[in-house]
Structure formats: structure tokens, C-alpha cells
Amino acid sequence: MIDGVETLRKLTLATMRVTGLAALARPFLGGIGVILMLHRVTAAPAKPLDLNGHLAVRPDFLDAVLTDMRRQGYRFVSMDEAVRLVKQPDGGAPFATITLDDGYRDNLTEALPIFEKHQTPFTIYIAPGLIGGDVDLWWEVIEDVVTVKDKVLLATEGGAVTWGARTRPEKAKTFHRLMGHLSGGVSESEQHGVVSSLGRLPYFDLLERSRSLLMCWDEIRSIEAHPLGTIGAHTVNHYALRRLDEATARAEIAEAACMLERELGVRPRHMAYPYGFAKAVGEREARLAEEVGFVSAVTTRHGLIHAEHAGYLHALPRLSLNGRYQSISHVRTMLSGLTVAMANRGRRVVTM
């Protein structure tokens, strides 16, 4: 689904490119490297409503991005090497490192062959609660709910509400209402119960369908054992940490490292904050990640990496490879740093 905001953004990206502004900005704003962010990599057709389409890119697009970035002179490195280069810049070519959130199975089946083709290191951030089924990929579940239902009945503190989902516009509107309710209308710990009540239909278990999208522990172990692969932590239950009290937030971060170490035999050195935007993570969470012992932590803030990030290793921004913007020219424009300055009120160095 394409809305006016998306169209305007694409027009802005095109204008930056054709006017030469992006090329002029790159020497000043391009930084020393970039951390790329992905979720899904799949050639499978989009779901009928494509409401989570921003989370998925095609394998051929990923292949083209890696090819084009190498031609531009980027060197692809692991997260360990990226941290070293931030702390000790060597004046060489800009670096790039690839990260993927949540542990979708297509990371193994469809993305890994691309990484092997290019001999590109990558890191996948895993939330053990998602893998174990204690919490759900709720954004996937509710897309399926509004796809199959004509109306959605939701119990709230103010009483039951019914939202229509008969037409495509109604389904999109109800999807976004549910997104808002689950991310702000209930507590993080209550999310699972609400999603379960919506997703368990008499004729189909939408929860199980969403869980089938994720890797199992044996598959995650195969990634950790792969010479190009690294497993990082994504907290235990994929909660928005800033909504939790400090003790609970610390436990989410620390216990994820312990659980992953028990499952994989290796303690993760890097983490990604769930959601990663301002309402989900702030300076407190960066402090906790450092205190727990992670070497780095990444957000979803739109930004490139600069030498100044040596002092903010637990607040590193990323550049999203977004399913709505699968164009090499768009990626080149974003790598110039011009979109970073525009999105962050003129800031070149993005942290929290």
C-alpha cells in the first residue's frame, strides 16, 4: 500500500539525486561506515494487504545492494570489526556491516546464500521469547487477523470495541489501530494475551502461522557456527524497554545474554533494542546495555556511523533496507548522509 508520505519521500530522494545534492553532501556527511538493518529477505509474494511490506526485501535487491556498495568501495565487516573501526578509524574505505532483526527463517534459507556469494559477514539479533513462543510476532499476527476477518472485536479497559475490516481501507485502518493499541494501549507483558485472543481462530491458528516464520534453535545454532554469521541479543521478550521499570529492563537485557549463551554455547557481544525508536529506547537503556557487558547496541534511528560514535557504542544508528524503497538509487542517496541530516534536524551524528 502506497500512501502520500511514502510518495513524497520517494520524490525527495529522487530530487536529491538528480540535482546532485546527494553527491555534494557525501564527502561531508557520509561518515566512516554504515550499519545496514534488515528483517526479512524473501522472494515470496507479499501478503494480500502488504501491511508489513516495509520489513521485507527481495533477495535480488539485497544482492544488487551488496554488489553496488562494493563497487562504491565499501568493505563489508563483522560487528566486532565495525566496533574496532569506530574506536580506531584507519582512514581506509568506509565499512559496512549487515544486521537482521528477529530471526526470520528466510534469513537462513534466502539471505544466507546471498551473503555467501559475496562473502559478507552478518549479525542476526535473536529474542529467545520469540523463538520459544512465549511472545509473538504480533505485527504479523494482526496483519493476518485483519486479512481474514470482516470485523475485529477487542476488549479494552473502557469496554469492548468493534472495528470494521470489510474493505481494504477499513482493514488498513483497523491494522493501524491495533498497532497503536498493542504498542501503547496495553503493557508489554499484556501484549501476548491480547494477541492470543485475536489470533486463535476456530478454523486457523494465526499464532502458529507467525511462529513458522522464525528459525528454530537448531537453525540459529547453524548460523552461529557459520564462518560469516554472528548471533546477537534482542532482549528476552522483544519488549519496548523504555516502557519498563529499570529492574525489568535490565533483566530483559541481561537474561537474553544468558539464555543465548545456554542455547548456543557462546555469549553474545552485541545487541539490538526492540523497535529502536525514541519511545522504545533512550539513554537509560544504553547505560544498561553497557553495564550488562554488551560491546555494542544498535537502534533503528536513521543514521550513518562517524568517528564520534566511539563514545556512543551503545547508541549506534542504522540505515534500513526498507521493502518500500527497493531501489539502488535510493540506497545511494541515503548513503550520502543527506537524508540523515534532514531526518534528524540537521544532526550529522545520530545517537539517542
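I need the full set of residues from the range 51-110 which are over 16 Å from Leu316 (Cα atoms), among the acidic types (Asp, Glu) and under 20 Å from the mean Cα position of the chain (by Cα), in order please. Residues satisfying the conditions are Asp60, Asp63, Asp102, Asp106, Glu110. Of all residues in the range 131-154, those that are under 23 Å from Glu170 (Cβ atoms) and touching a residue at least 40 places away in the same chain (Cβ under 8 Å) have Cβ atoms under 6 Å from Cβ atoms of residues that are open to solvent by 40 Å² or more (accessible area, probe 1.4 Å) and not β-branched (Val, Ile, Thr), 6 or more apart or on another chain, in Thr147/Pro48; Val152/Trp163.
Which one is most open to solvent (accessible area, probe 1.4 Å), of the residues in the range 106-121 that are in contact with a helix residue (DSSP H, G or I) (Cβ under 6 Å, 6 or more places away or on another chain) and under 27 Å from Arg209 (Cα atoms)? Filtering first and then ranking leaves Glu110. Of everything in the range 181-191 that is under 17 Å from Glu143 (Cβ atoms) and out of contact with any Leu (no Cβ under 6 Å at 6 or more places or on another chain), the residue that is most open to solvent (accessible area, probe 1.4 Å) is Ser183. Of all residues in the range 279-293, those that are more than 10 Å from Ala249 (Cβ to Cβ) and open to solvent by less than 50 Å² (accessible area, probe 1.4 Å) have Cβ atoms under 6 Å from Cβ atoms of residues that are at pLDDT 95 or above and charged (D, E, K, R), 6 or more apart or on another chain, in Ala280/Arg242; Gly282/Arg242. Would you mind stating whether Glu143 is of a type outside the set (Val, Ile, Thr) and either open to solvent by 50 Å² or more (accessible area, probe 1.4 Å) or not in a helix (DSSP H, G or I) (or both)? Here the answer is no, as Glu143 does not meet what is asked. Within the range 324-352, residues that are open to solvent by 20 Å² or more (accessible area, probe 1.4 Å) reach partners that are of a type in the set (Asp, Glu) with beta carbons closer than 6 Å, at six or more positions or on different chains, in the pairs Arg324/Glu6; Ile328/Asp68; Val349/Glu308; Met352/Glu283. Of the helices (runs of 4 or more DSSP H) lying entirely inside the range 161-213, those containing at least 3 residues that are within 26 Å of Gly132 (Cβ to Cβ) and of a type in the set (Gly, Ala, Ser) span 191-199. If the condition is being over 20 Å from Ser336 (Cβ atoms) and open to solvent by less than 10 Å² (accessible area, probe 1.4 Å), then the range 86-105 contributes Thr99, Leu100, Asp101, Asp102, Gly103, Tyr104.
The values are calculated or read from the model by the stated rules, or taken from the named source; none is laboratory data. Predicted model, so just to flag it, every value in this text is computed and none were measured. Using ideal geometry, Cβ is built from the backbone for each residue, glycine included, and neighbour counts are taken over all protein chains shown. Side chains are part of the model used for accessible areas, which takes the heavy atoms of the whole protein and leaves out ligands, DNA and RNA. Shrake-Rupley method; radii C 1.70, N 1.55, O 1.52, S 1.80 Å.
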